[in-house]
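The values are calculated or read from the model by the stated rules, or taken from the named source; none is laboratory data. This structure is a prediction, so every number in the text was calculated from the model and none was measured. We place every Cβ from the backbone using ideal geometry, glycine too, and count neighbours over all the protein chains shown.
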Amino acid sequence: MVILFAVFLLTLLVFTAVAIIRTTNLFVAVMLSGIFSLLMAANFFILDAADVALTEAAVGAGITTVLFLGALALTVEREQTVPDGRWVSISVVVLTTLVLIYATFDKPRLGDPDAPVHQHVAPWYLGQTPELIDIPNVVTAVLASFRGYDTLGEVFVVFTACIGVLFVLGARQENSQSLATPPISNTHGLRHHLIPRVVGRLLIPFIVLFGLYVQFHGEYGPGGGFQAGAIIATAMILSALLEGEAQALRAVPRSTLLGLIVVGPLLYGAVGLAGIILGGNFLDYSVLAQSSVSGQQLGILLIEAGVGMTVCGALLLIFHAFASREKL
Amino acid sequence: MMEIVVDVLSWTLLATGGAFVFIGGLGALRLPNFYTRMHAASLTDTMGTILILVGIMLQGGLSLATVKLVAILGFLLLTGPTASYALANAALLSGLKPEVPQLKRRD
Amino acid sequence: MELFGLYNYWVFAIILMTGFYAVIAKGNLIKKLIGLSIFQSAVFLLYISMDKVDGGTAPIIQKGVIDQVYSNPLPQVLILTAIVVGISTTALGLAIVVRIKESYGTIEEHEIQELERNS
């Protein structure tokens, strides 16, 4: 029965992808890509990947749609059709699809427990996590402790992307007026729409609370730093949409956000260096506390906080960079 | 005996909720203009959501999962109609006028 | 069911090539970026399809339940990182597209090449 459901969702994915490519209205394409991300999150959940489904729903269906809409507001809304060269592309694409489908016949079928991917490292992680780290969520244990070095690199990638966007979009526009903040009028944001403002104001504290819940329960269930950062960033973006850009920047100013994206990687690196200072290796959490297991849990808590701060600050800074740029 | 009653009730609710979602989707495809289509789509936001989630709550019994489902139902009921309102308001403010049937004058 | 055992991978191949077609054949820069993000999502589907085990559940160890088969946690860790990296690069790409629009006045590829050729 679940197989039927899974097949149906996968087929919907194919239809949505084809519809995204074929439409010429970019607004429609962005909305359909939000639906595509949500369907992908449902597929991930059916395939037993709960953390990944949460991340894809929060980041893909939420933040990516907002960023694309921000870019669309600053550029065009429709695309023009290219005059020639389509048949070559279509034949290359169809040929490669057939080659890929032919190559998949060598793979073990879905769910085969004797597949090579389930043999060596994964049973070791599943067996050693209760003894060495003693938290229920194995994905968080692997992400934060066993493969913590990769996650450090990933935090730096998010930091670099944020700095890149700030450099590219922070350049002063040539014919903009003085940069004094304009007076708050009644037409900023959605200030003259009563119902979304009331409902939004009611919901924003709960969204932030849920983000904090996801952050601190990342060890006991699906969750962790990435999802929590995206959810809290969504709450702030909602308040920026409702109250207007200037008001949102007054509530959480740019200096706070810059502080967040600086403190995040610094916290992560500091936990790593603390491992060296206290006698272990870099990013070795066992030496952080009295017993090795509680040291691991303390280390995971601290670096998840660092990851959450970085992701939240980076996403908000990128959003504000798009939203406060005037269209030329 | 009690379990059979609860099972039958929850199956009925789930099936009716599914029927409402299907009707909403059919209306969103077949109705003539924007405002009527949105009216049909908001059917899935309210009736479909309530019936399906209450059906699942009956399957869950009295447990933590049911409390979480009540919270989800509350949030969906709060945000779904707001989204429909914001969509209709945006359409009206950007100039899309709802079609009003022409009344024939009896002179 | 031999057919349905490989259906995930066929869907992966189709979606991968659909996104790739948007990157190579469409002229609009934002459409290319949307196609690139579809391409990335297809790769995520491939990895997560590999981690499912028959009769398994999500890899969250439940106390007191023995003999429970868990799905493989390792591809999930890789894809968790990959999703966030994907959105970072998409954000940077969109920032560059906005600046291109302000400099050239258009974001269609053939028009930009015309302007470059004539200047």
Every residue from the stretch A:73-89 that is in a helix (DSSP H, G or I) and more than 7 Å from chain C (Cβ to nearest Cβ) = A:Ala73, A:Trp87, A:Val88
Looking only at the stretch B:10-34, and only at residues there that are of a type in the set (Phe, Trp, Tyr) and surrounded by fewer than 17 Cβ atoms within 10 Å (Cβ to Cβ), the one that is modelled with the lowest pLDDT = B:Phe34
Filter the stretch A:1-37 for residues that are touching a residue at least 24 places away in the same chain (Cβ under 8 Å), within 10 Å of chain C (Cβ to nearest Cβ) and touching a Lys or Arg at 6+ places or on another chain (Cβ under 8 Å); the one that is surrounded by the fewest Cβ atoms within 10 Å (Cβ to Cβ) is A:Thr24
Picked from the stretch A:211-240 (must be in a helix (DSSP H, G or I) and surrounded by fewer than 17 Cβ atoms within 10 Å (Cβ to Cβ)), the residue modelled with the lowest pLDDT is A:Phe216
Positions within the stretch A:91-109 being out of contact with any helix residue (DSSP H, G or I) (no Cβ under 7 Å at 6 or more places or on another chain) and of a type in the set (A, V, I, L, M), in sequence order | A:Val92, A:Val94, A:Leu95, A:Leu98, A:Val99, A:Ala103
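Okay, residues lined up against (1) hydrophobic (A, V, I, L, M, F, W, C); (2) touching a Leu at 6+ places or on another chain (Cβ under 8 Å):
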| residue | (1), (2) |
| --- | --- |
| A:Gln80 | no, no |
| A:Asp84 | no, no |
| A:Val92 | yes, no |
| A:Thr96 | no, no |
| A:Lys107 | no, yes |
| A:His118 | no, no |
| A:Tyr125 | no, yes |
| A:Asp134 | no, no |
Here are some conditions: (1) out of contact with any helix residue (DSSP H, G or I) (no Cβ under 7 Å at 6 or more places or on another chain); (2) more than 8 Å from every other protein chain (Cβ to nearest Cβ); (3) of a type outside the set (A, V, I, L, M); (4) farther than 30 Å from C:Ile112 by Cβ. A:Ser145 meets all but one. Which one does it not meet?
-> (1)
Across the stretch C:60-119, what is the total count of residues that are of a type in the set (Gly, Ala, Ser) and facing chain A (nearest Cβ under 7 Å)?
-> 4
Kindly check whether there is at least one residue in the stretch A:78-100 that is within 27 Å of A:Ala230 (Cα to Cα) and either modelled with pLDDT under 85 or surrounded by fewer than 17 Cβ atoms within 10 Å (Cβ to Cβ) (or both).
-> no
Residue set C:Ser88, C:Ser71; condition out of contact with any helix residue (DSSP H, G or I) (no Cβ under 7 Å at 6 or more places or on another chain) and buried (at least 20 other Cβ atoms within 10 Å of the Cβ); output residue C:Ser71
C:Ile66 vs. criteria aliphatic (A, V, I, L, M) and modelled with pLDDT under 90 = yes
If you take the residues in the stretch A:287-314 that are in contact with a Gly (Cβ under 6 Å, 6 or more places away or on another chain) and modelled with pLDDT under 85, which one is farthest from the other protein chains (Cβ to nearest Cβ)?
-> A:Val287
Does the stretch B:43-65 contain at least one residue that is without any contact (Cβ under 8 Å) to a residue 12 or more places away in the chain, within 28 Å of A:Arg201 (Cα to Cα) and in a helix (DSSP H, G or I)?
-> yes
Answer yes or no as to whether A:Ser33 is of a type in the set (Ser, Thr, Tyr) and in contact with a Phe, Trp or Tyr (Cβ under 9 Å, 6 or more places away or on another chain).
-> yes
Is it fair to say C:Ala13 is facing another protein chain (nearest Cβ under 7 Å), at pLDDT 90 or above and either within 15 Å of the chain's Cα centre (by Cα) or assigned to a helix (DSSP H, G or I) (or both)?
-> yes
